[in-house]
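See below for the structure under consideration.
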Amino acid sequence: MATKEFPLVPESVAPVKTKYRTICTQIPVPESISLLEKLRDLESRSMGGQPPVIWDRGEDFTIYDPYGNKWLDFSSGVLVTSSGHGRPEIVKAIQEMAGRGMYHAYCFATEIRVKLIEKLTSMLPAPLKRVFLLTTGSEATECCIKLARTRGLQIGGKKKSILVTFENGFHGRTMGAQLAGGSPALKSWLGGEDSRFVQVPFPDGFRQENIDFEVFESSLSEKGINSDDVCGVMSETYQGCNATLMPKQYAQALRKWCDEHKAVLIFDEVQAGFGRTGKPFGFMHYGIVPDLVACGKGLSGGMPASAVLGTDELMDMYGPGEMTSTHSANPICAAAALANLEVIERESLVENAAKLDPVLADGCRRITEASKGKVGHWAAIGLVGALQFIKRGTSEPDPESAWEMVRQAVQKGVMLFAPVGVGGCAIKINPPLTITEDALLDGLSVLEEIAGSLPV
Ligand code: PMP
């Protein structure tokens, strides 16, 4: 999906000066235009699409530009800065590690790596007690795919190589991750189907009304797939494009099905992990434990770090040096991640996400009502919400209105990211987990006001 760019033409906007938001210049800021133009000229076009604001400094759930403006951040920089921007504890951990002269160690042992993996394994239930640290979310999901395929090969031979994933799912932008993704438009570049990657409907009760597990089985048989040829099933715990969990019963039936067919159950927790949904991990809503979990984003609070956690059996399949990544367990990233996880625990941020769940849900409901049909569907869980924009009176997606909402929100001091590629026309609301009820309500009321004024 081609995404629109925000025009680099300064617009006079009403000044804003509240506890959490300050807008005191034209937007975009005239002095920022030459910088923004350089980015457009020198980078791949794919880096564009976001609101024309220079991020200069972050403080908890606010973002500052260099020109005196301040935004209430509803993006967490794409669901990463769960413990807030500029956390002193994370800054200190980074500084200390760099100050020691230790900013790279490859797979050579470091003490910080021990501390981080101990922390991680203490957060997950048995049998998810073995860790492989990586750098990006896509690397983590790719690794899960590799482990599932390898195990399939070991126990069932070449034919046990089918990975089942879900329609509208997202697992990253590298090749395996895109094959596993469920948006056909994102994989057209692959130039054809791979019969070993199969998608079934995600039981969201919205795009897919029948949420019974029987749909999973019937979809496989409609596609002529022998269940015993499935090596693994991978799903986001909540679908990122619409902030919806699968029904608990469905997840439990899926666990049972994977056991019966010796398929590896993988949850992609890259978005959901570390408290976003009001539980430490999204799968904890289901009362089951997967065989592999892919983590990223909120793991480190901002530095590039990701992880796969899995069972002994799966994590022992590859021997020393057979599964590596140059920057895995980077000492600075590991130190930042440990500091971030400690903040999340010490400040009960998972509990804060659970506490604010009804506040966000109510806000999404109010925005939907105010939009008089422009928001066709909303969903929220913990501190992530999604508003799907449609053309009034139809079920057709309306990217223009979603984009307009972002544009106006940024002009009023609420930072949202533009809907890009994934999931079409949903706007996501996902502030740092440190946000207070007062600040959340403030930002939601801005969005409600905009929703009420969207052009027909
Ligand atoms: N899985 C999910 C559920 C994601 O949301 C993302 C990123 N949006 C990824 C995987 C890929 O992570 P990364 O961009 O760090 O490669």
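The values are calculated or read from the model by the stated rules, or taken from the named source; none is laboratory data. Note that this is a predicted model, so its numbers are computed, not measured. Cβ: placed from backbone, ideal geometry, glycine included. Neighbour counts: every protein chain shown. For accessibility, only protein heavy atoms count, side chains too; no ligands or nucleic acids. Shrake-Rupley method; radii C 1.70, N 1.55, O 1.52, S 1.80 Å.
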**OP:** Return the total of residues in the stretch 201-229 being of a type in the set (A, V, I, L, M, F, W, C) and free of Cβ contacts under 8 Å to residues at least 24 places away in the same chain.
**Re:** 1
Original post:
When you go through 188, 195 one by one, which is the residue that is among the small types (Gly, Ala, Ser), open to solvent by 40 Å² or more (accessible area, probe 1.4 Å) and part of a loop (DSSP other than H, G, I, E, B)?
Top reply: 195
**OP:** Kindly list the number of the only condition in (1) more than 16 Å from the ligand (Cβ to nearest atom); (2) outside any helix (DSSP H, G or I); (3) modelled with pLDDT of 95 or more; (4) touching a Pro at 6+ places or on another chain (Cβ under 9 Å) that fails for residue 440.
**Re:** (2)
**OP:** Consider residue 202 carefully, then state whether it is in the same structural domain as residue 137 (by TED's automatic domain parsing), modelled with pLDDT of 95 or more, under 18 Å from residue 239 (Cα atoms) and open to solvent by 20 Å² or more (accessible area, probe 1.4 Å).
**Re:** no
Original post:
Only one residue in 8, 42, 79 is open to solvent by less than 40 Å² (accessible area, probe 1.4 Å), assigned by TED's automatic domain parsing to the domain that holds residue 353 and among the aliphatic types (A, V, I, L, M), so which one is that?
Top reply: 79
Original post:
Restricted to the stretch 397-421, and to residues that are in contact (Cβ under 8 Å) with a residue 40 or more places away in the chain and open to solvent by 40 Å² or more (accessible area, probe 1.4 Å), which residue is farthest from the chain's Cα centre (by Cα)?
Top reply: 412
Subject >> Condition check for residue 138: in a loop (DSSP other than H, G, I, E, B), within 16 Å of the ligand (Cβ to nearest atom) and not aliphatic (A, V, I, L, M) >> reply: no
Original post:
If residue 35 passes every condition in (1) outside any loop (DSSP other than H, G, I, E, B); (2) not assigned by TED's automatic domain parsing to the domain that holds residue 417 but one, which one does it miss?
Top reply: (2)
**OP:** Sort out which residues of the stretch 95-116 are in contact with a strand residue (DSSP E or B) (Cβ under 9 Å, 6 or more places away or on another chain) and either within 16 Å of the ligand (Cβ to nearest atom) or open to solvent by 20 Å² or more (accessible area, probe 1.4 Å) (or both), and write them in order of number.
**Re:** 113
Original post:
List, please: which pairs have Cβ atoms under 7 Å, are six or more places apart or on different chains, and start with a residue in the stretch 257-277 that is over 16 Å from residue 127 (Cα atoms) and open to solvent by less than 10 Å² (accessible area, probe 1.4 Å) and end with one that is at pLDDT below 95 and away from the ligand (no atom under 15 Å from the Cβ)?
Top reply: none
**OP:** Scan the stretch 140-157 for residues that are buried (at least 17 other Cβ atoms within 10 Å of the Cβ) and free of Cβ contacts under 8 Å to residues at least 40 places away in the same chain and jot them down.
**Re:** 142
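Give the stretch 7-32 a look and list any residue that's of a type in the set (Lys, Arg) and not in a loop (DSSP other than H, G, I, E, B), or say none.
Result: 17, single match.
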Subject >> Verdict on residue 68 being at pLDDT 95 or above, closer than 19 Å to residue 276 by Cα, outside the structural domain of residue 135 (by TED's automatic domain parsing) and surrounded by fewer than 21 Cβ atoms within 10 Å (Cβ to Cβ) >> reply: no
Subject >> Set 187, 119, 160, 129: member being in contact with a strand residue (DSSP E or B) (Cβ under 6 Å, 6 or more places away or on another chain) and either away from the ligand (no atom under 16 Å from the Cβ) or free of Cβ contacts under 8 Å to residues at least 24 places away in the same chain (or both) >> reply: 160
**OP:** For residue 297, indicate whether it is on the phi > 0 side of the Ramachandran plot and either in contact with a Phe, Trp or Tyr (Cβ under 9 Å, 6 or more places away or on another chain) or at pLDDT below 95 (or both).
**Re:** yes
